[in-house]
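Comments concern the structure below.
Bear in mind these aren't lab numbers, they're just calculated from the coordinates by the rules spelled out. Bear in mind that the values here come from a model prediction, so they are computed numbers and not experimental data. Please note: Cβ atoms are built from the backbone with ideal geometry, for glycine as well, and neighbour counts cover all protein chains shown.
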Amino acid sequence: MSDERTAKFRRNELLENFLAELNSDLQPSEQALLKQQTSADADHPVIFVMGPLRSGTTLFMQWLANTGLVAYPTNLLSRFYQAPVLGAKIQLLLTDPRFDFRGELSEFAQQTQYRSENGKTEGALAPNEFWYFWRRFLAEPSRDVWSDAELAQSMDTQTMRSELKGIMDVFEKPFAAKGMLFNYNIPFLDSEFDKVLFVHIVRNEATNAESVLEARRRQLGAENSWYSFDIPEKELLMHLSPYEQALGQVRAINQAVRTGLEQVAESRKMVVPYEDFCASPEKYFAEISGKLGITNASYTGAAAFEVTRKR
């Protein structure tokens, strides 16, 4: 997709090459670290934020990061996609006030801002989509569409779980991340984790589709170009008008998530309507705290958020 993006959104190839080299250097130490794990069972749940593109998942992740309830993939941590446990330790060293000496690294101690552009955030500690990490465990990382059976046969879930456990052990918190690459594979993920919580972000589908079109224009320069992950329905949708494509894309993903969640226990899932969340985020703080079994947390976040594209 890199060549199709407008100039502003193209990858920094110099950075990509340097990160590949750095992660290759660190990976042997990461593997040695994972071998030292005394238990395969994680003490904390993994939280997967699911749903369509442009549905409010980035806002939700920024808000969740600021609650302090969870650890999450930051822009800093994402650069260690092949050595995330080492990356978590480096992040802790650089950003945790307990390890700061007389303000040497005080510029890292900042709250996540509620700004993003097509899911891209600013700041070392702002949430990152973490796609490079998730794709590492796929047999064919360039593919977007998998059946549960294919993932069960080919995905390196053992290493994935070990690394997620290692991250949570470092931060001593649950780990929350966008999981939309696996919107169609929720039953598979549910079977792979002893402790998990799926959060389905749902937005008014008409305004969601309008937002998809805007993102297409901004990132790809044309609203008739496909944006985001491929889905099984893509080939049929591409014969429609751009708005019908976007609306069909949103509806198909929501239906896939709903269908997948039907097979998940109530204690391991929750639905967050974007508009309702914006009106009353504290209500969802209480719900997610309850799902995570956190009883001593108090809410100090925003009272409300502006709903964009009211319609």
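Hey, what number do you get for the chain at 222 nm if only DSSP H runs of n ≥ 4 count, each worth -39500 (n - 2.57), divided across all residues, to the nearest 500? The helix contribution divided over the chain gives -13500 deg cm²/dmol. Over the chain, the reciprocal of the mean inverse Cα-Cα separation, the Kirkwood hydrodynamic radius, stands at 20.3 Å.
Each of ALA303, ALA206, TYR184 was placed along the dipole of the chain (beta-carbon charges, centred on the mean Cα), and the one lying farthest toward the positive end is ALA303.
To the nearest Å, what is the center-to-center distance of region 36-77 and region 206-249, using C-alpha atoms only? Rounded to whole Å, the Cα centres lie 26 Å apart. Amide H contacts under 5 Å for LYS269: PHE198, restricted to partners 5 or more places along the chain or on a different chain, H placed in the peptide plane at 1.01 Å from N.
Using only side-chain charges placed at the Cβ, +1 for Lys and Arg and -1 for Asp and Glu, the dipole size of the chain relative to its Cα centre rounds to 560 debye. Rounded to the nearest 5, the antiparallel percentage of DSSP beta bridges internal to the chain is 15%. 3J(HN,Hα) along region 23-34, derived from phi through the Karplus expression 6.51 cos²θ - 1.76 cosθ + 1.60 where θ = phi - 60°, amounts to 5, 5, 5, 7, 4, x, 5, 4, 5, 5, 5, 5 Hz, with x in place of Gly and Pro. The charge dipole of region 168-288, taken about its Cα centre with unit charges on the Cβ of Lys, Arg, Asp and Glu (plus for the first two, minus for the last two), comes to roughly 200 debye. Neighbour counting of Cβ atoms within 10 Å sorts the residues GLU129, GLU192, fewest neighbours leading, into GLU192, GLU129.
In plain terms, the residue of HIS44, HIS239, HIS200 with the fewest other Cβ atoms within 10 Å comes first and the most crowded comes last, giving HIS239, HIS44, HIS200. In terms of other Cβ atoms within 10 Å, MET160, MET238 run from fewest to most in the order MET238, MET160. For region 13-138, a crude dipole built from +1 on the beta carbon of Lys and Arg and -1 on the beta carbon of Asp and Glu, taken about the Cα centre, is about 260 debye to the nearest 20.
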